[in-house]
Structures are given as structure tokens and as C-alpha cells.
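Since the structure comes first, as C-alpha cells, the remarks are kept for the end.
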Amino acid sequence: MKDDLGVVSDPQKSVLYAQVMDGDPRMKIDGEGYLRSASWPGNGTYVFLGDVTKALLRFLGPHDPPFFSIQPGYDEQRWVLESSSGELSVSVTSDSYWGLGLFARCFFNKIEMVGPLSLRARCIHDVVASLGRNPWEPYRLRRFERFTGASSEEHRRSWLELVQWASEDMRSNILELQERAETLSKRGGDEDAIKRASMDLQEATKALEDRNAPAVERALGRASSSLIEADPSTEVLSSEFASLDISDQLDTSEEIPFIDLSEE
């Protein structure tokens, strides 16, 4: 399995191994093999999804209904699941590597992702942040290494390359807006708007340190809006469009026919 490991070196595919710590949530598989909630009223077989796959599906984005290409049998935590979101597709294999699968911690997930590096990296960045632990750290180290055919350092590097790639991508977006703010300040842009943008960029930097990608995106969105407001050229264009709009309204008003109702 060692040869499968590869992240940045492969422009389209990543293979990761994760330690499962919690077997929940327990969900259902319908008659066609698709994942359903536990409260789904139809007939189906039960499956333990596990904490890692739950997080993965959450941060995959709007995705097709997860499909089980291999459904669980007697053991509800042994299966193969597939799903996709736009250009990104994932396949997760859940299996045990010690203890005959008697406990949730006996299981691991093999995650195969195919798609653009930016999408793979962002998804894994958010998965690691939401789990609040290092998913590449196994409960039984030697058995995990022997079963996967890779060392703990290789697993760590495979995960962190993606996490760091996503972090650097967001950091570059922050730096780009910071440079834009400095340029606008030199060109006489609106200082109040630039100040608001700078504060939002500070929030984005702090959120990035906390691995809170959604907060980074929100702060970047606010900063970008403030910089548009601060840009003198944007103000000129807005004034020109406003003038054109007023002119159009005046032209339209001249075309409205006058009806004298005084004699009715």
C-alpha cells in the first residue's frame, strides 16, 4: 500500500489513511445502496459511518448521495463508500486492522480522492480542523504501519502536505488583499474603508491560525467589499453609472403621455 501514498506529487489523486475513533453515526443504506439517515422510514441495512467519514462528507461540499459499492455484512463498520462533488470524487474503505473489529478504534479509513489539488487540500484541511485530532495517528502504531505498508511519518506527511497547501493558499489570498490595501492607501483611497479591510484581514489571519477556514473566507469577503468601496476608480465608475441611470429615467419620463382629467 505504500506506493499509493502521494499528495502534491500527484496532480490529481491523494490516498490517505485515518484512524477511526468513534463509530457513530449509525445510519441506513436503502435498497439501491445509497446512504440514508437512521430515521429513514424505508427498509434498509444499518451501517456505522464513523467520525472520519462523517467529517469528510460534511466538507466535501454539495455532493451526490453517497453510494456503497461494498455494503456491510455482519460487521456494520466494514464497507466501501463512494461520492462526488463537482470535480472532486472520493472513495472510502472502512476496515479493521486489529482486535477483530470488536471496537470502533479497531478500524481505519482508507480515503482516495481524485480531483484538483485545491479542492482536495481544502477538504482535508477542514476535516482535520473539525476532528480536533491528528487522524493519521493510529491507536496501535505497529499494526497500523504493517497493515498499510507505510510508516507513521509517511502518513503524517501525506496529511500535512494537503493541510499546509490549503493554509498557504488562504494565506496568499490574505497577502494579496493586504497588498491591494497598501496600494489603495498610496493612491488616496477611502481611508475608513481601507481601515475596515485591514481589520478584517487581521481577523482572517487569526482564523487561519485557528484552522477556521469558513471564518477566513467570511473575513476575506468583507475585506474585499471594503477595498472595492475604497477604490477611487470604483467610485468614478459608480458615479458614471448613476448618471446614466438618471438620464434613462428622465428620458423615460418624457415619453409618458399627459392625460388631462380636469374636465371629467
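The values are calculated or read from the model by the stated rules, or taken from the named source; none is laboratory data. Since the structure is predicted, the reported quantities are computational estimates derived from the model, not experimental observations. Glycine gets a Cβ as well: all are built from the backbone with ideal geometry, and neighbour counts include every protein chain shown.
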Test: residue in the stretch 128-143 that is among the β-branched types (Val, Ile, Thr), in contact with a helix residue (DSSP H, G or I) (Cβ under 8 Å, 6 or more places away or on another chain) and either part of a helix (DSSP H, G or I) or surrounded by fewer than 15 Cβ atoms within 10 Å (Cβ to Cβ) (or both): yes
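A quick yes/no check of all residues on (1) more than 17 Å from Leu35 (Cβ to Cβ); (2) over 25 Å from the mean Cα position of the chain (by Cα); (3) among the acidic types (Asp, Glu):
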site: Gly61; (1), (2), (3): no, no, no
site: Ile70; (1), (2), (3): no, yes, no
site: Glu76; (1), (2), (3): no, yes, yes
site: Ser89; (1), (2), (3): no, no, no
site: Ser96; (1), (2), (3): yes, yes, no
site: Ala121; (1), (2), (3): yes, no, no
site: Val128; (1), (2), (3): yes, no, no
site: Leu131; (1), (2), (3): yes, no, no
Residue within the stretch 150-157 that is farther than 23 Å from Arg211 by Cβ and not in a helix (DSSP H, G or I) present: yes
The listed residue being within 23 Å of Ala150 (Cα to Cα) and assigned by TED's automatic domain parsing to the domain that holds Arg142, out of Gly101, Gly61: Gly101
